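Quick notes on the structure that follows.
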Amino acid sequence: MRTTGATETEVSWIYRGQPLAAQEMLAHAQTPEFELLDRQGFVKIESSARGTKIEWSVFSPNWASLYFAMEWLHTYPGPYNLRYYLSGWFDEKYNDVNAARNRIDIIIGKSDIHLTRHTFVTEADPHRANIPDLLKTALDDGAVNPKFAVDCILDETSGKFSVERVGQKSEIARLWGMNPVSFPCLTGHSYDQVVSAAYRKVVLTDRPHYDHIIAAMSAPDSTVFWCPYQRVILPHRFDGNRKGVVVVSKIGPVDIKVI
């Protein structure tokens with residue numbers, strides 16, 4: 001048992017289908033958690049009055065431990081956060097225990113999947129009812145408060161886009177800071193090539209574009225996580241009549257299921 005602030009948090013480790021006692025875990029005290037999960041097949045369950053989190057690595061030899069977690073999940077408080085590693089960390093939340101158990105079962109059945117892509121994009125209906133307010137305003141007005149936007153300039157010689165400015169309230173600034181050379185702002189890698197393809201369409205048509213994306217991203221601490229977000233891309237002319245786009249994003253549910 002350990003405490004976090006005023007809320008008690010209980011951590012359980014499951015190995016080979018059985019929970020380990022605290023004294024048994026002492027033998028692994030110096031082993032990094034990710035090694036326990038990814039190489040040795042441990043499953044971690046962390047619960048408090050706020051809910052329960054289950055962590056595991058998809059390719060690890062941990063099926064017996066996952067089946068144990070599924071069997072006893074109803075004894076833990078909801079909501080349930082499934083955090084599993086497959087080319088990066090996925091985070092999924094479920095309010096219903098049966099939905100969480102069924103999802104774990106589905107992921108077990110897909111544990112032989114090898115992801116050859118790390119960025120997925122799908123165009124979305126701009127008239128759907130559940131667009132985040134920030135994005136809906138951008139679509140309706142054809143403009144957005146610069147604080148929430150990222151400016152990307154087209155180099156007409158190379159045909160590539162580069163980030164010139166990061167708004168202080170943008171999702172990039174919140175996660176990576178305002179440095180325009182953070183991972184999502186860099187050019188040349190596969191993520192940039194996939195997400196910037198829509199920029200060219202917006203510049204050519206001079207019309208807004210709305211889509212959903214999920215991508216394996218490198219966090220500032222070098223952890224790789226799958227980031228689901230929606231975005232609106234607006235055409236824009238910058239100083240000196242330079243062509244480019246203004247991008248506004250919102251992290252949240254997307255119409256893409258990777259696994």
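The values are calculated or read from the model by the stated rules, or taken from the named source; none is laboratory data. Because the structure is predicted, anything quoted here is derived from the model rather than measured. Reconstructed Cβ throughout: ideal geometry from the backbone, glycine too, with neighbour counts over all protein chains shown. The protein model used for the area step is the full one, side chains on, heavy atoms only, and it has no ligands, DNA or RNA in it. Shrake-Rupley method; radii C 1.70, N 1.55, O 1.52, S 1.80 Å.
Looking at this structure, is D140 in a helix (DSSP H, G or I) and open to solvent by 70 Å² or more (accessible area, probe 1.4 Å)?
Yes: the conditions hold for D140.
From the set of residues in the stretch 105-128 that are closer than 20 Å to V43 by Cα, surrounded by 15 or more Cβ atoms within 10 Å (Cβ to Cβ) and more than 18 Å from the chain's Cα centre (by Cα), which is modelled with the lowest pLDDT?
Across the stretch 105-128, the extreme among qualifying residues is S111.
Residues that are among the hydroxyl-bearing types (S, T, Y): find the helices (runs of 4 or more DSSP H) completely inside the stretch 1-85 holding 1 or more of those.
63-72
Identify the residue in the stretch 184-199 that is over 17 Å from the mean Cα position of the chain (by Cα) and open to solvent by less than 60 Å² (accessible area, probe 1.4 Å) and, among all such residues, is nearest to P235 (Cα to Cα).
Filtering the stretch 184-199 for residues over 17 Å from the mean Cα position of the chain (by Cα) gives 186-189, 193, 196-199.
Then keep just the ones that are open to solvent by less than 60 Å² (accessible area, probe 1.4 Å); that gives 188-189, 196-199.
Details: G188: 22, H189: 23, S196: 13, A197: 14, A198: 11, Y199: 8 Å.
In this case the residue turns out to be Y199.
Inspect the stretch 164-183 for any residue being surrounded by 19 or more Cβ atoms within 10 Å (Cβ to Cβ), over 30 Å from A129 (Cβ atoms) and under 15 Å from the mean Cα position of the chain (by Cα) and give the result as yes or no.
Yes, the stretch 164-183 has at least one match.
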